[in-house]
Amino acid sequence: MRSLIRDARQIALHTGVSVSTARNLVSAYIDSVLKQWRAPKGVRPKIARQIVRTFVYVYAAVCMALGEMTSLILPYANTEMMNLFLEEVSRDFKDYFVIMLVDGAGWHRSGNLKIP
């Protein structure tokens, strides 16, 4: 699943589809991969524990004045991923002064957070 770190805008650029379509394609791909891991009908696999859900996290920033958005689909919600997202925002909006509102999550306030 780590290989699914994708920016929907980049997928849209390379494939010529809209950003919402690119997000739907990533979601459909994740669903198809998860289905491949399922046991055949009528067979109950012996496993140590059942993994009920797999999560991905969407980091997004919107500029309503420009009508633009930047987003990343990442495997974790932690300081390292937040740093990747802040780098992306700083590249996409390098000519602008950015004010970002965040909640009180630990990765938003970490001492290891690198503000570009």
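Just so you know, all these numbers are worked out from the coordinates, no wet-lab data involved. Computed from a predicted model, the values in this text were never measured in an experiment. Positions of Cβ are backbone-derived with ideal geometry, glycine not excepted, and every protein chain shown enters the neighbour counts.
Protection proxy ranking of 98-108, 60-70, by the mean of other Cβ atoms within 10 Å over each peptide's residues and highest first, is 60-70, 98-108. Projecting the Cα atoms of MET69, ASN83, LEU113 onto the charge dipole of segment 55-116 (Cβ charges, centred on the Cα centre) puts LEU113 farthest toward the positive pole.
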